[in-house]
1. Based on the Kirkwood radius over alpha-carbon pairs, what is the Stokes-Einstein translational diffusion coefficient of segment 320-437 at 37 °C with 0.692 mPa s viscosity, in µm²/s?
2. Going by amide H atoms built from the backbone, whose H comes under 5 Å of the H on residue 257, apart from near neighbours?
3. Relative contact order for segment 396-479 using alpha-carbon pairs under 8 Å, separation at least 6, rounded to a whole percent?
4. Any chance you could get the radius of gyration and Dmax over the Cα atoms of segment 242-299, in Å?
5. How do 351, 250, 232 rank by accessible surface area computed with a 1.4 Å probe, from largest to smallest?
6. Among 367, 323, 310, whose Cα projects farthest towards the positive end of the dipole of segment 274-403, with charges put on the beta-carbon of Lys, Arg (+1) and Asp, Glu (-1)?
7. What are the ³J(HN,Hα) values, in whole Hz, obtained from phi via the Karplus relation 6.51 cos²θ - 1.76 cosθ + 1.60 with θ = phi - 60°, for each residue of segment 236-248 in sequence order, with x given for Gly and Pro?
8. Among rounded, prolate and oblate, which fits segment 355-499 when a ≥ b ≥ c are the square roots of the eigenvalues of its C-alpha gyration tensor, a/c under 1.5 means rounded, and a/b larger than b/c means prolate?
Amino acid sequence: MRNLFRSKTRACTSSSRLDMAQTCNRRPRDPQSPWQRTFAIAIVLWKHPPASFSEKMKIRMQSIRLCSWQNRHIFCRVGSNGCAAQLLGTEHFVGQAGAAALGGMAVGLYEWTAAYLVVSLGFFFAPIYLQCQLTTIPEFLEARYNRWCRGLFVLISLIAYILAKIGICLFAGAVVFEVVAGIGMWSSAPIIIIGTALYTMAGGLTAVMWTDVVQWAIFVGGGLMGTVLSLDLVGGMSGLFQKLESFGLDSFPHVLRPPAGKEYPWPGMLFGIPTVALWYWCVDQEMAQRVLSARNLSHARLGTSIAGLMKVLPPFITVVPGMVARVLFETCRASPAGGREFARWCDANLDEAAGANRAYPLLVMLQFPEGVRGVMVASFLAAMMSSLAAVFNSAATVFTYDVYLRFFREEGFASPRHLVFVGRLATAGLTLLSLLWLPVIQSNSRGVYIVAQTAMCHLAPPVSAIFVLAVAWRRANGQGALAGLLVGCPVGVAQLVAALMYQDTCAAMSSRDLAQDAPVIEW
C-alpha cells in the first residue's frame with residue numbers, strides 16, 4: 001500500500017508541477033505536447049508492477065463508487081447549478097439576513113469579495129486537480145508535500161465541518177422551524193438531520209447535484225420574490241435608505257466602513273475575507289468535489305464562471321430583507337403606543353443577536369401574503385437541505401478515503417457496501433459533535449453568520465497559505481508546509497477559544513475605546 005501511494009505521488013507530482021509552471025507563466029522543462037505527455041505517463045506506469053497498478057485501480061474504483069463519481073457526465077448538465085447552489089444556504093437566509101439587521105449592507109462583502117475566487121477554482125486550481133485525477137483534495141497535499149500535511153489538513157477540515165458548517169446549518173434550520181412551526185431547537189435538529197441524510201446516503205454525489213438543480217431554482221426564485229415584496233413594504237431602495245437614516249442607522253447603507261470602525265472595517269473586509277474564501281471556495285472538498293466530477297476542464301470552468309457571476313445575487317436576496325426587517329422593527333418602536341404601525345414587530349428585538357437571527361423568517365410569516373409564505377418556507381428548507389447534503393457527502397468522502405482507507409485498512413481495499421457504511425458512521429459522528437456546538441452558537445452575541453465566519457477566519461490562514469505556495473512556488477516543500485500547519489492551526493484555535501470566551505469583554509472595551517479615543521472619520 002505504501003508503494004502505491006509513493007508511485008501515485010511521483011506521477012501526480014510530475015503532472016502537477018507541469019501544470020503549475022503553466023499557471024505561473026514559467027516555461028517547464030517537461031514536454032508540452034499531448035503525445036509526449038501520454039508517452040511520459042505510459043513510461044511511469046510501465047515502471048510499476050502490474051499487480052500494484054491493478055490494486056491501485058481497485059482502491060480508486062471503491063472511492064469512485066462511494067461518491068457516485070462514475071457519472072462524471074452529470075457536471076455538463078447540472079454542475080453549474082450545483083456550484084451555484086452552494087452560494088445560498090439557510091445560514092444565509094437566517095444568519096446573513098440577521099447580520100444585516102444588526103450591521104447593515106457591509107455584510108454583503110463576504111459574498112462579493114469571494115466572487116473572483118470562485119472563478120479562480122475553475123481557472124487556476126481545477127487544471128491541477130483534474131490532471132492529478134484526485135478523489136479528495138487532501139490527496140493533493142500528499143502528492144505535493146507529504147502524508148503528514150495530508151493527515152493534518154484532514155483533521156482541520158473535519159473540525160471546520162463541525163464548527164462552521166454542520167452546526168451552523170442545523171442552528172439556522174432550527175431557527176426557521178421555531179418561527180414557522182413553533183418547534184424548539186432540540187426537537188427540530190433530528191428532523192433536519194434525518195430528512196437530509198436519507199437522500200444523501202442513498203444517492204451520494206449524484207443525488208446531491210441533481211437535487212441542487214431543483215433546490216437552486218426554488219430558493220433563488222423565492223429569494224428574489226422575497227426581495228421585491230420586502231422593498232415594497234418600505235418604498236423601494238430609496239425609501240429603505242431614507243428610513244434607516246431617520247432612525248439613526250446612517251452606516252447601514254454603506255458597504256465600505258471606516259478602518260477604525262468597530263464593525264466591518266474596509267481593510268479587513270477587502271484583504272482578510274479572501275484568505276477565508278480561498279479555503280472555502282477553492283480547496284475545500286464540499287465545493288471542489290463538484291469540479292472533480294466534471295467531464296473535462298472546459299465544463300469545470302463553465303460551472304465556476306456561472307457560479308462566480310451569481311455571487312452578485314446573495315446580498316440582494318438576504319441582506320436587503322434583513323435591513324427591511326430592522327426598519328419595520330424600528331418603525332414599531334418609534335410609533336405612538338396607541339396606534340403602532342407594524343405592531344407585531346415591537347417584540348422582535350432585532351437590535352440583539354438572538355432576535356436578529358429570526359429577522360427574515362419573521363418577515364415572511366408576518367408580512368408576506370399567504371401563498372408567498374409557502375414558497376419562501378420551501379426556499380428556506382431547500383437551501384438548508386442543499387447545504388447539509390453537500391457537507392454530509394464531502395465529510396463522508398474525506399473521512400473514508402483519507403482516514404479510514406489510509407490508516408485503518410492495511411490492505412487498502414474494502415467492499416463498496418463497507419465503505420458506504422463507514423461514511424455513514426463518520427457523518428453521524430460529526431453530526432453528534434455538531435450538536436454540542438449549538439449552545440455556543442446560541443449564546444454568541446454577534447449572530448450565527450458571524451460565528452461561522454469567525455471560526456473560518458481563525459482556521460483558514462495556514463491552510464490557504466500552503467495551497468497558494470503549492471501552486472505558485474516550486475521551492476515550497478513538505479517540511480515548511482508541515483511547520484506552517486503545526487504552528488498556525490493551534491494558534492488559530494487558541495485565538496478562536498479566547499474570542500468566544502471573552503467576546504462580551506472585548507466588545508465593551510472596543511466600544512469604550514471607539515467612543516473616547518478613536519478619531520472621528522467622515523466617509
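1. Rounded, D is 182 µm²/s.
2. Residues meeting the criterion, in which the H sits 1.01 Å from N, are 266.
3. So the answer I get is 21 percent.
4. Rg, Dmax (Cα atoms, Å): 18.4, 54.
5. Greatest to least solvent exposure: 232, 250, 351.
6. Selected residue: 310.
7. x, 5, 5, x, 4, 5, 5, 6, 4, 5, 5, 9, x
8. In terms of gyration-tensor shape, oblate.
The values are calculated or read from the model by the stated rules, or taken from the named source; none is laboratory data. This is a predicted model, so every value here is computed, not measured. Because the Cβ atoms are built from the backbone with ideal geometry, glycine has one as well, and the counts that use them run over all protein chains shown. Note: areas computed on protein heavy atoms with side chains; ligands, DNA, RNA excluded. Shrake-Rupley method; radii C 1.70, N 1.55, O 1.52, S 1.80 Å.
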